[in-house]
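The values are calculated or read from the model by the stated rules, or taken from the named source; none is laboratory data. Here the structure is a predicted model, which means the values were calculated and not measured. Neighbour counts run over all protein chains shown; Cβ positions are idealised from the backbone, glycine included. These accessible areas exclude ligands, DNA and RNA; they are computed on the full protein's heavy atoms, side chains included. Shrake-Rupley method; radii C 1.70, N 1.55, O 1.52, S 1.80 Å.
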Amino acid sequence: MAKETLTITDNRTGKQYEIAVDDGVIRADDLKQIKTAADDPGIMAYDPSFGNTASCKSRISYIDGDKGILRYRGYDIAELAEKSTYLETAYLIVKGELPDKHHLSMWQHNITIHTMVHENIKKLMEGFRHDAHPMGMMVGTIGALSTFYPEAKDIDSLESRRLQTRRLIGKVPTLAAYAYRHSKGLPYVYPDNDLSYTGNFLQMMFRMTERHYRPNPVLERALDVLFILHADHEQNCSANAVRSVGSSHVDPYSAVAAGVAALYGPLHGGANEAVIRMLQQIGSVDKVPEAIRKFKAGDGRLMGFGHRIYKNYDPRGKIIKKLAYEVFEATGKNPLIDIALELERIALEDDYFVKRKLYPNVDFYSGIIYQAMGFPVNTFPVLFAIPRTSGWMAQWAEMVRDPEQRISRPRQVYIGESERTYEPIETRRAPLTREDAVDAAI
Ligand code: CMC
């Protein structure tokens, strides 16, 4: 077999360097030896937004973007969606293996006993405005949990890492439901530990005066499948945020709050909310060609389309599209699906989208299901955050245990002014006008 190395010739000096290739990867640090002089810090790789840079080695999720494959710990997402439950999948993601019956039942117990939150969290929630976005409330309250569990700072303790993982997975549905109830001015509903993970979440969201809330089994299972599909997705923006913030050795609640903040954005988990708003704005099937023309002209984006890694159909999107019809059997059809189907049909035939390999992603159809189930649009990103918590905790724990991981600290290419001297205000020229402001982005 050919040697697993790369030979680089520096045309500035004529020198050659042999760089090791391991698993198809070179180490950016190895580029430092390529210098023009002894005091030259060496070559750096410039990669804004990590387009082609691996920030870690991971065993959790595997994606083949060209083939449209997603696996958790080696198991295909479609098989897990069909045969597993969210809590079983969360166990797999966090611990690396599927549990046997005994371990699954212990895990379910250990998560369920942590569904309650401290009563002061309710008071904290009450401080938010009635129309506060639930994701903003999630960022705040998950961050606040770090003050309730100061022992979580002990990130080197396996026992502590396990406890915080159970607590977080147990509590996020409660926080999410409280945020929703707050916005409606409804009393908070305490967890019912006799129900399943998703069944309990549905009762905390929607229970009114009934003595025993019994979730619709079709919706309970559909939500469970959606949770499985959203549980992890390797080094996406929010996982990277959790790892990066966690790399300072802060407690996991603070790190996960950063992950929720990252997920909030419309290019990430906020896309499911943006898709519904886009479909509502388009309004009817006959307006779809006009909408596509606008997107192609750069007037907005076709939300729920495109992905950094998938250059094929997102496998989660396929499952969700099918699931939508099962949910409609129980809820009635969401009319927005017709607009979505027409958008997909036209986009998949259109040169602009074909050339750029833009396909529906996980968010394209998920909002349509959530809406049919009765979730308000602004809770959609929260429905992403709940199951992603298991993925964030697995990513965080992997990072903490990886001896190669140090504090996350990218380099930069400085392109600003060279050294200048301080000019007294009396003799300084007028402030920059809009026209000559190069850097005045704010
Ligand atoms: N609509 C129209 N054009 C698009 C879209 C879109 N949804 N997505 C990408 N493009 C174009 C983009 O304008 C660019 O064109 P050009 O080469 O002519 O400049 C090209 O495709 C490549 O786009 P990019 O922005 O460089 O791609 P990226 O890998 O940086 O961004 C993305 C990936 C998901 C942020 C982007 O596709 C997007 O904004 N999609 C819409 C938002 C969305 O659905 N997000 C959910 C992502 S999946 C779930 C999750 O991670 O949360």
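Structure summary
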quantity	calculated
Lysines whose Cα lies under 23 Å from that of K153, excluding same-chain neighbours fewer than 8 positions away	K95, K171
Calculated from backbone phi, Karplus (6.51, -1.76, 1.60) coupling profile of the stretch 335-351 in Hz, x at Gly/Pro	x, 5, 4, 5, 5, 4, 4, 5, 4, 5, 4, 5, 4, 6, 9, 8, 3
Among M135, M208, M116: highest mean-square fluctuation, GNM of the chain, C-alpha pairs under 10 Å	M208
Portion, in percent, of the accessible area of the chain that falls on carbon or sulfur, probe 1.4 Å	52
Principal-axis tilt of helix 271-282 within the chain, Cα atoms, nearest 10 degrees	80
Vicinal HN-Hα couplings computed from phi for the stretch 189-195 (Karplus, 6.51 cos²θ - 1.76 cosθ + 1.60; Hz; Gly/Pro x)	10, 6, x, 10, 6, 7, 9
Nonlocal amide H pairs with S61, under 5 Å, H built at 1.01 Å	R73, E234
Span from the the stretch 123-151 Cα centroid across to the the stretch 322-338 one, whole angstrom	33
For the chain, built as a Gaussian network whose Cα springs stay under 10 Å, the top-fluctuating residue of D22, D286, D299	D22
Solvent-accessible area per residue, Å², over the chain with all protein chains present [probe radius 1.4 Å]	54
Acute angle (nearest 10 degrees) that the helix 237-246 long axis makes with the longest principal axis of the chain, alpha-carbon atoms	70
Mean Cβ neighbour count within 10 Å, used as a protection proxy, ranking 58-70, 222-234 highest first	222-234, 58-70
Whichever aspartates and glutamates have a C-alpha closer than 17 Å to that of K357, once near sequence neighbours (fewer than 8 apart) are set aside	D64, D66, D314, E344, E349
Overall form of the stretch 5-46 per C-alpha gyration tensor (a/c, 1.5; a/b vs b/c)	oblate
Acute angle (nearest 10 degrees) that the helix 101-112 long axis makes with the longest principal axis of the chain, alpha-carbon atoms	90
Between the stretch 1-80 and the stretch 170-208, the Cα center-to-center distance that results, in Å	45
